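Take a look at the structure below.
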C-alpha cells in the first residue's frame, strides 16, 4: 500500500485550509494596525478581495458593499476568512461568501452571532444569493440594519 501525502489536514478541504490561513493573516494585520505598525485599513483589504473575485461574484460583492455602507455607514469594512465583511465595535456582524470561494452554486450573505437577527427560537444565519433584484437589495439593507441595531 502506498501512502499519500495530503496538503490539507484531515477533514478540511483545500479551500477551507486556505480560508484558515487568510484568517490568520487578517488577525496579524489587525494586530499591526492596532499597534500602529501597519497603516493599512480594512476597506483597502476588502476592496482588494473583491477585485480578485471572478465574475459574477465580483459584481455582486461590489453591490453588496454599496448596500451595506449606505444602510449602516458606521460599520467597519474588513475581511473575514478572506471574504468581505463588516464589523461593529470590532466584532464581525455580516460577511459575503462568494460562490467561487468554496466552489458552491450560489453566494451567501452570512451573519455572525453578534448580529441581532433573533426571531423566536429559530432563524437563518446565511442567505443564498442568486441575484440582486430590487427586492433582494431592499431585504439585504433591512437585514443589515436589523443585525447592527
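Relative to the compact globular guide of 2.2 N^0.38 Å, what is the alpha carbon radius of gyration of the range 85-144, as a ratio?
1.16
Compute the angle between helix 42-52 and the longest alpha-carbon principal axis of the chain, please, reported from 0 to 90 degrees and rounded to the nearest 10.
That helix lies at roughly 70 degrees to the long axis.
Using the number of other C-beta atoms within 10 angstrom as an exposure proxy, rank 103, 28, 49 with the fewest first.
Arranged by neighbour count, lowest to highest, 103, 28, 49 become 103, 28, 49.
How much length is gained on full extension from residue 104 to residue 74, taking 0.36 nm per residue of separation minus their Cα-Cα distance?
Extending this stretch completely gives an extra 7.7 nm.
So for 119, 57, fewest C-beta neighbours within 10 Å to most, what's the order?
119, 57
Tilt of helix 57-71 relative to the longest C-alpha principal axis of the chain, in degrees (0 to 90, nearest 10)?
Taking the Cα atoms of the chain, the angle to 57-71 is about 40 degrees.
So how far apart, in nm, are the two label points at residue 130 and residue 44 if each is 7 Å from Cα heading toward Cβ?
Here the answer is 4.0 nm between the modelled labels.
Identify the residues of the range 75-92 with backbone N under 17 Å of a label point that sits 7 angstrom from the Cα of residue 27 along the Cα-to-Cβ direction, or state none.
Taking a point 7 Å out along Cα→Cβ of residue 27, the residues of the range 75-92 whose backbone N falls under 17 Å are 79-83, 90-92.
Please give the FRET efficiency for residue 116 paired with residue 18, using the beta carbon to beta carbon distance and R0 = 25 Å, rounded to the nearest 0.05.
My answer for the efficiency is 0.25.
Within 10 Å of each residue's Cβ, count the other Cβ atoms and sort 122, 20 from fewest upward.
Going from sparsest to densest Cβ surroundings: 122, 20.
Cα atoms only, the range 14-147: Rg and Dmax in Å?
14.5, 44
If each DSSP helix of 4+ residues adds -39,500 (n - 2.57) and the sum is divided by the residues in the chain, what number results at 222 nm, nearest 500 deg cm²/dmol?
-13500 deg cm²/dmol
Using only Cα atoms, find the angle between the long axis of helix 14-35 and the longest principal axis of the chain, and express it within 0 to 90 degrees, rounded to the nearest 10.
So the inclination is approximately 60 degrees.
Tell me, in nm to one decimal, what length is gained between residue 63 and residue 89 on full extension, where the rule is 0.36 nm per residue of separation less the Cα-Cα distance?
Full extension from residue 63 to residue 89 adds 7.0 nm.
Only the coordinates and a few stated rules stand behind these numbers; no lab work does. Because the structure is a prediction, the values reported are computed rather than measured. Methodologically, a virtual Cβ is constructed for each residue, glycine included, from the backbone with ideal geometry; neighbour enumeration extends over all protein chains shown.
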